[in-house]
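Quick note: the coordinates plus some simple rules give every number you see, no bench work behind them. Fair warning: this is a prediction, and the values are worked out from it, not measured in the lab. Methodologically, a virtual Cβ is constructed for each residue, glycine included, from the backbone with ideal geometry; neighbour enumeration extends over all protein chains shown.
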Amino acid sequence: MAHSQEQFTSRWTLVLAVLGMAIGTGNIWRFPRIAAENGGGAFLIPWILFLFLWSIPLIITEFAIGKKTRLGPVGAIGHLIGKKWTWMGGFVAFCTVAIMFYYSVVVGWCLKYTWAALMGDLGQGASTTFWDEFINSPGQTLFFHLLSVTAGALIISRGVTKGIERATRLLIPGLGILLVIGAIRALTLEHAMQGLNFLFEPDWAKLMDYRVWIAALSQSAWSTGAGWGLVLTYAVYARKNEDIVLNSVIAGLGNNSASLLAGIVIFPAVFALAPQLNLGISPAELLSTSGPASTGLTFIWIPRLFSEIPASGFFLFIFFLALSIAAISSLIAMFELAARSLMNLGMTREKAVLFVWLICFIFGAPSALSMDFFQNQDWVWGVGLIVSGFFIAFSANRYGLRRFRQELINTAGNDLKAGVWYEYVMRFVIPFLFVVLLGWWFYQAITVYHRDTWWDPLALYSVATCLVQWGSVILLFVIFNDKIYHRTAQAQEELS
């Protein structure tokens, strides 16, 4: 007996959901830091280029696969290119679920700081102490972790139209408004234009540094959500006549626009306010400050910087509320991917959501309690996304790129169509960038950062810890490959 499938009610609700997935904490805290480390304006050039050479082509591919198969990543790849490749979809899904475990902890941090800003607890000079006391308080970190996973579960438990659509209709416009308010305030500060100049004026010599290009590719690959399987999951609920290429371009450009808007908030604020703190470092160096798990700029320096302006409590609240909204909108996409994967294996939505809520809290708890564990998982599965992106590209190549483009992307009624350029990018550019990016990260780990421990699977950032964890997951999905394929085939038959 066929069961009806929920669908997004319009193009814009789907696009808002995809934007909510893509626009997360990486836009607001990671983008300014990476841009500052790599020359500001010079970084923007390859960053925009890779949007069109990596991110948008992969988003297009995910849209097409999800819309064609009506399955989450666990079943989609096997049903697209053959049963023996089902394990690839399992890896793509698990990679994002593993990120969900520790990302929910980050959402908890954002919620904690939003509440603290509202209560006026982020006073001048208290930022480092406040962070240390919070992160070393197991009760607090677990409570806010629980709060974040509960929020995500409650939203997706209501389904697509009543849950995800309604949430993103509020969250994404709200995020945009808050960022605009922050940008207006930042631009009114004295010396703010120095920050804008640093962000937008390129130092052309920086483009000769290959590290700038690697950083730009990394930021684009991770920030847009390309290769995560999240777009694929949302595409399951796309209407039959959705314009895949146009939606993908809007999502990619929207994500980059949000990053630039966040940069317009952060860069002028840092250049205007950092000299008042007498830290002995330049604003550019302060922007590059990372700290454990990239927390330095966001959770330590932003509160100190904002304390230098009138009504600092209000603008701190605006900043962390925007950060929380961005974080939650991404978290619900990860929750939906996990729930959809379980639903394709036969669970009801209610049972799937409850199970995801439980495992997210349990397996996220170690990251809430240990920064070392958090950083290890961020390293392993953050780099794992590059592998996921390659698997998505492999699927299109295996299907046949011309056939994929003509039958699955350029469907009737599309305003934009993918040209032959898509085939060249998927066949040559993305595999090349995959080898370069993964090879670069491993080369750095072996020769620069972890020369003595790269072979140790128990070391925090070793190559071995990546290979062992990836290999274990792949082996598990290879063992259960056929069983997963047949279970998801039943789900596909019920929807046909």
- Extending each Cα 7 Å along its Cβ direction at GLN490 and LEU358, get the distance between those two points in nm, one decimal. 2.0 nm
- Item | Reachable aspartates and glutamates from LYS417, criterion Cα separation under 18 angstrom, eight or more residues apart if same chain | GLU62, GLU242, ASP243, GLU407
- Message: At 7 Å along Cα-to-Cβ for each site, give me the label-to-label distance between ILE281 and ARG11 in nm.
- Response: 4.6 nm
- Tell me what the chain gives for mean residue ellipticity at 222 nm when only DSSP H runs of n ≥ 4 count, each as -39,500 (n - 2.57), the sum divided by the residue total, rounded to 500 deg cm²/dmol. -23000 deg cm²/dmol
- R0 = 51 Å: FRET efficiency of ILE181 with LYS483, Cβ-based, nearest 0.05? 0.50
- Task: Would you please give the FRET efficiency between ASP456 and LYS351, computed as 1/(1 + (r/R0)^6) with r the Cβ-Cβ distance and R0 = 60 Å, to the nearest 0.05?
- Result: 0.90
- Separation between the LEU49 and PHE373 pseudo-spin-labels, each 7 Å from Cα along Cα→Cβ, expressed in nm? 4.2 nm
- Expressed as a percent, the portion of alpha-carbon pairs in segment 332-445 spaced more than 25 Å apart is 50 percent
- What number comes out for the charge environment of LEU287, summing +1 per Lys or Arg and -1 per Asp or Glu over other residues with Cβ under 11 Å away? -1
- Item | Label of the coordinate-derived value, Cα Rg over 2.2 N^0.38 Å, listed as [x] 1.01; [y] 0.94; [z] 1.09 | [y]
- Query: Counting Lys and Arg as +1 and Asp and Glu as -1, what is the net charge of the other residues whose Cβ lies under 14 Å from the Cβ of ALA393?
  - Reply: +1
- Query: If we count trypsin sites (Lys or Arg not before Pro) as exposed when they sit in a DSSP loop and have at most 10 other beta carbons within 10 Å, what is the longest stretch of the chain that avoids them all?
  - Reply: 1-239
